[in-house]
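Chemist: Structure in structure tokens, see below.
The values are calculated or read from the model by the stated rules, or taken from the named source; none is laboratory data. Keep in mind that what you see is a predicted model, and the values were worked out from it rather than measured. Quick reminder, even Gly has a Cβ in these numbers, built from the backbone with ideal geometry, and neighbours come from all protein chains shown.
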Amino acid sequence: MKTSDVTGTDLHGVFAVPPLCRREDSGLDWGENEKVVAHLKAGGVHRLMYGGNAFLYHLPLAEYEELLEWLGGLDDELWCIPSVGPSFGRMMDQVPLLKKHRFPCVMALPCADPRDAAGLELGLRRFAASAETPLIVYLKEEQNFGSDLMAGLDAVARLVQDGICVGIKYAVVRAHASQDAYLDALLARVDRKFVISGMGERPAIVHLEQFRLQGFTSGSVCLAPAKTQEIFECCERGDFAGAAVIRDLFLPVEDLRDAWGPARVLHAATGLAGIAKTGPILPFVSGLGADQLAKLEPVAKALAGS
């Protein structure tokens, strides 16, 4: 597993955001998780970010410790990024577990509890100092740093300037990805080399072409990693039309993820496509129903076989 410090070039590429496979008795199944990782590696994807798609919001600390041990034992080709939080107390409880390992950074899950820019900035600074680990900040909504949007972006910029934030996962959904004043405001404060697109294949091409972001995250990459990698490589050489043709292969799965919940659909799709047995989902999220699984199965298999 990569243990060296994060540099600007490290953010240049595709980041997989995989599900976390579980046994039927709800314990974590590392053999099945290794199948997901092997599939990603075979498709040329070596950056793994465990967060929302792995339901880390609800993972018990004992299982979180297991996850860190497993990630820490993966081979040197891989860059593994566990998430922390979302609450301040949860983050601080995770500090002693993280300090047993040498992760180059961790991602701070976005908090939905009462918060403001000054409070969040203070909390992230305290965590980073305690864990001796820098952060990737996840902007999922404009209000993630409180209701004063520009104060929030100023806080993010200070965290970047001070080396506490080494990357930003930008995932604010827009009806038209090309029209995003908030992203414009972020890039006016932070060098774009620190920012990656965080919403999968659908907006990635616009984010790489128009906003010149470094890379993008994807959940559906777990089904067709080589195709996601092709999208990135097409964008690299300026073939955005070619990238769009490949991206269209992902839209049937992405449509169902948008309709039924991105993480729960990816969890089921990874199993239905034959990549790995993903098992049940932890509460507070439920699995898909029989009718949904029947609709998802051919779509997942088609993408995995593309």
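Chemist: From the list S218, S197, pick out the single residue that is of a type outside the set (D, E, K, R), buried (at least 23 other Cβ atoms within 10 Å of the Cβ) and touching a residue at least 40 places away in the same chain (Cβ under 8 Å).
Modeler: Numbers: S197 fails: touching a residue at least 40 places away in the same chain (Cβ under 8 Å).
Going through S218, S197 in turn, the sole match is S218.
Chemist: Also: Tell me which residues, restricted to the range 167-182, are part of a loop (DSSP other than H, G, I, E, B) and not basic (K, R).
Modeler: Matches in the range 167-182: A171, V172, V173, A175, H176, A177, S178, Q179, D180.
Chemist: Right, something else. Among the residues of the range 267-290, is there at least one that is free of Cβ contacts under 8 Å to residues at least 24 places away in the same chain, in contact with a helix residue (DSSP H, G or I) (Cβ under 8 Å, 6 or more places away or on another chain) and farther than 29 Å from D10 by Cα?
Modeler: yes
Chemist: Counting only residues that are basic (K, R) and over 20 Å from the mean Cα position of the chain (by Cα), how many does the range 79-119 have?
Modeler: Residues flagged as basic (K, R) and over 20 Å from the mean Cα position of the chain (by Cα) within the range 79-119 amount to 3.
Chemist: If you don't mind, there's one more thing I want to ask. Given (1) outside any helix (DSSP H, G or I); (2) surrounded by 15 or more Cβ atoms within 10 Å (Cβ to Cβ), identify the lone condition not met by P283.
Modeler: Evaluating P283 over (1) outside any helix (DSSP H, G or I); (2) surrounded by 15 or more Cβ atoms within 10 Å (Cβ to Cβ) leaves (2) as the failure.
Chemist: While we're looking at this one, here's another question. Condition check: modelled with pLDDT under 95 and either of a type in the set (D, E) or not in a helix (DSSP H, G or I) (or both). Does M49 satisfy that?
Modeler: When the stated conditions are applied, M49 does not pass them.
Chemist: Report, ordered by the first and then the second residue, all pairs with beta carbons closer than 6 Å, sequence separation of six or more or different chains, a first member in the range 139-160 that is under 19 Å from G85 (Cβ atoms) and of a type in the set (A, V, I, L, M, F, W, C), and a second member that is at pLDDT 95 or above and part of a loop (DSSP other than H, G, I, E, B).
Modeler: Here the result reads V160/V190, each pair linking the range 139-160 to a residue that is at pLDDT 95 or above and part of a loop (DSSP other than H, G, I, E, B).
Chemist: Ok, one more. Could you check the range 1-27 and list, in sequence order, the residues that are farther than 25 Å from P134 by Cβ and surrounded by 17 or more Cβ atoms within 10 Å (Cβ to Cβ)? Spell out how you get there, then give the answer.
Modeler: Keep residues of the range 1-27 that are farther than 25 Å from P134 by Cβ, which gives 19, 21-27.
Answer for the range 1-27, where residues must be farther than 25 Å from P134 by Cβ and surrounded by 17 or more Cβ atoms within 10 Å (Cβ to Cβ): P19, C21, R22.
Chemist: To continue, here is another question. From the list T7, T3, which residue is of a type in the set (V, I, T), under 14 Å from W79 (Cα atoms) and touching a Lys or Arg at 6+ places or on another chain (Cβ under 6 Å)?
Modeler: Residue meeting the stated conditions: T3.
Chemist: Quick test for you: out of A62, A42, A54, pick the one residue that is more than 21 Å from H101 (Cβ to Cβ) and either surrounded by fewer than 21 Cβ atoms within 10 Å (Cβ to Cβ) or not acidic (D, E) (or both).
Modeler: After applying the criteria, what remains is A42.
Chemist: Here's something else I'd like to know. Inside the range 183-217, can you point out the residues that are touching a helix residue (DSSP H, G or I) at 6+ places or on another chain (Cβ under 6 Å), basic (K, R) and in a helix (DSSP H, G or I)?
Modeler: Of everything in the range 183-217, those that are touching a helix residue (DSSP H, G or I) at 6+ places or on another chain (Cβ under 6 Å), basic (K, R) and in a helix (DSSP H, G or I) turn out to be R189, K193, R202.
Chemist: Considering each residue of the range 269-280, count those that are surrounded by 15 or more Cβ atoms within 10 Å (Cβ to Cβ) and either in a loop (DSSP other than H, G, I, E, B) or among the basic types (K, R) (or both), and give that number. Lay out the reasoning, then the answer.
Modeler: Restricting attention to the range 269-280, the residues satisfying the condition of being surrounded by 15 or more Cβ atoms within 10 Å (Cβ to Cβ) are 269-273, 275-279.
Filter once more, so that each one left must be either in a loop (DSSP other than H, G, I, E, B) or among the basic types (K, R) (or both): 273, 275-279.
Residues in the range 269-280 being surrounded by 15 or more Cβ atoms within 10 Å (Cβ to Cβ) and either in a loop (DSSP other than H, G, I, E, B) or among the basic types (K, R) (or both): 6 in total.
Chemist: In addition: Given the range 52-166, what helices (runs of 4 or more DSSP H) lie entirely inside it while holding 1 or more residues that are modelled with pLDDT of 95 or more and of a type in the set (S, T, Y)?
Modeler: Correct list: 61-72, 117-131.
Chemist: Are any of the residues in the range 221-236 in a helix (DSSP H, G or I) and within 27 Å of G289 (Cβ to Cβ)?
Modeler: There is at least one residue in the range 221-236 that is in a helix (DSSP H, G or I) and within 27 Å of G289 (Cβ to Cβ).
Chemist: I'd like the full set of residues that are in contact with a strand residue (DSSP E or B) (Cβ under 9 Å, 6 or more places away or on another chain) and either at pLDDT below 95 or assigned to a helix (DSSP H, G or I) (or both), limited to the range 34-46.
Modeler: Selection gives V36, V37, L40.
Chemist: In addition: Would you be able to tell me the number of residues in the range 6-29 that are under 19 Å from the mean Cα position of the chain (by Cα) and either part of a loop (DSSP other than H, G, I, E, B) or hydrophobic (A, V, I, L, M, F, W, C) (or both)?
Modeler: Of the residues in the range 6-29, 13 are under 19 Å from the mean Cα position of the chain (by Cα) and either part of a loop (DSSP other than H, G, I, E, B) or hydrophobic (A, V, I, L, M, F, W, C) (or both).
Chemist: Then there is this: If you take the residues of the range 120-166 that are under 20 Å from the mean Cα position of the chain (by Cα) and of a type in the set (S, T, Y), which of them is nearest to D191 (Cα to Cα)?
Modeler: Restricting to residues being under 20 Å from the mean Cα position of the chain (by Cα) and of a type in the set (S, T, Y), the top hit is Y138.
Chemist: Of everything in the range 257-306, what is among the polar types (S, T, N, Q) and within 13 Å of A224 (Cα to Cα)? Give them in sequence order.
Modeler: Correct list: T270, S306.
Chemist: When you look at E297, is it more than 20 Å from K41 (Cα to Cα), in contact with a helix residue (DSSP H, G or I) (Cβ under 6 Å, 6 or more places away or on another chain) and at pLDDT 95 or above, yes or no?
Modeler: Spelling it out, E297 is indeed more than 20 Å from K41 (Cα to Cα), in contact with a helix residue (DSSP H, G or I) (Cβ under 6 Å, 6 or more places away or on another chain) and at pLDDT 95 or above.
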